Amino acid sequence: ILGTIIQCVSNTYTSLMIGRVFVGLGVGFGLAVDPVYISEISMASHRGRLVTWSEFGINLGIVFGFCSGLIFATVDANIAWRLMFALGVIMPCLVIVLSICVLPESPRWLVVNNREDEACEVLQKIYPEGYDVTSVVEEIKDGIEIENLAEHAVGWGIIFFPSPAFKRMIMVGVGTAIAQQAVGIDAIQYFLVYILNQSGIQSRNAQMWILVVLGLIKLGVIVIAGHLFDRKGRRPLMFVSLLGCAVSLFIVSMSFIGAASSEGTAIFGLAL
């Protein structure tokens, strides 16, 4: 909220970047806390689908941002971006109220801090009435104990001097995180307006509509993926996702090479 307000009233590049730093800190904490909290408060059988709600929320916010661009499409561009930033204050304020009034503490965190009675109270709200939540608390304690034993038995040596099998696991884990950014999805989202402009779509109103449609496509795919996570597994969906990224990036790149530049081709690639 503080970062957004600073951005709205910025008159210099430095102050705009200071506001962006605060926003980045808030977003970074949210991205780290959200999936962990959801996984700790949900049952294992539904965990994959529920964790995707975090990604769904992020992309819903992106769609709202695109919609705000459409709302202010007729407003002077020097004022419109400030109004768009100002709208970004609404949702964090709402989430603060919900967090205070609705959001319980993570049962795992409560167990770690020897507050088992409070953990049971939280679990009773999550599980069906009459369910033996003490067994869930015991499972959490067992899991924490196993993790502590593994940590003390192995330590950092397994990271710095991994076995061949574990080295491959680390490479896949780190490689996945790198691939998520290296495919360029964030860069494409940030520069979508410029990409559309160079594709020949000059109308500001048309650009905003295309942004909204592209955002809705991504949102819809996240919903589908969320339902498939616990049914089909993670690996098949990862292969499909990476293949789709490769094909779409190739199409977008080819659409800007010489005479091959085309509005339809570029939009099709962005949609993929």
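The values are calculated or read from the model by the stated rules, or taken from the named source; none is laboratory data. Remember, predicted model here, so these are calculated numbers, not experimental data. No Cβ is skipped: glycine too gets one built from the backbone with ideal geometry, and neighbour counts run over all protein chains shown. Protein only, heavy atoms only, side chains kept; ligands, DNA and RNA dropped before computing areas. Shrake-Rupley method; radii C 1.70, N 1.55, O 1.52, S 1.80 Å.
Mind listing just one residue for me: the one in the stretch 69-101 that is part of a helix (DSSP H, G or I) and of a type in the set (Phe, Trp, Tyr) and, of those, farthest from Ile144 (Cα to Cα)?
Checking each candidate, the answer is Trp81.
Look at Ser45 and say whether it is of a type in the set (S, T, N, Q), open to solvent by less than 70 Å² (accessible area, probe 1.4 Å) and assigned to a helix (DSSP H, G or I).
Here the answer is no, as Ser45 does not meet what is asked.
Have a look at Ile178, Ile140, Ile144 and point out the one that is in a helix (DSSP H, G or I), open to solvent by 50 Å² or more (accessible area, probe 1.4 Å) and either closer than 29 Å to Leu103 by Cβ or free of Cβ contacts under 8 Å to residues at least 12 places away in the same chain (or both).
Ile178
Read through the list (1) in a helix (DSSP H, G or I); (2) small (Gly, Ala, Ser); (3) crowded, with 17+ Cβ neighbours inside 10 Å, then give the number of the only condition that Ser10 fails.
(1)
Residue check: is Phe66 in a helix (DSSP H, G or I), of a type in the set (Phe, Trp, Tyr) and at pLDDT 85 or above?
no
What number of residues in the stretch 207-221 are open to solvent by less than 30 Å² (accessible area, probe 1.4 Å) and among the aliphatic types (A, V, I, L, M)?
5
Restricting the search to the stretch 107-137, which residues are among the polar types (S, T, N, Q) and open to solvent by 90 Å² or more (accessible area, probe 1.4 Å)?
Correct list: Asn114, Gln124.
Looking only at the stretch 184-203, how many residues end up being over 18 Å from the mean Cα position of the chain (by Cα), surrounded by 12 or more Cβ atoms within 10 Å (Cβ to Cβ) and in contact (Cβ under 8 Å) with a residue 24 or more places away in the chain?
6
Would it be correct to say that Ile159 is in a helix (DSSP H, G or I), in contact with a helix residue (DSSP H, G or I) (Cβ under 8 Å, 6 or more places away or on another chain), β-branched (Val, Ile, Thr) and open to solvent by less than 60 Å² (accessible area, probe 1.4 Å)?
no
Could you check Pro104 against (1) surrounded by 10 or more Cβ atoms within 10 Å (Cβ to Cβ); (2) assigned to a helix (DSSP H, G or I) and say which number it fails?
(2)
Take Gly226 and decide whether it is out of contact with any helix residue (DSSP H, G or I) (no Cβ under 8 Å at 6 or more places or on another chain), open to solvent by less than 50 Å² (accessible area, probe 1.4 Å), at pLDDT 75 or above and assigned to a helix (DSSP H, G or I).
Taking the combined requirement at face value, the residue does not satisfy it.
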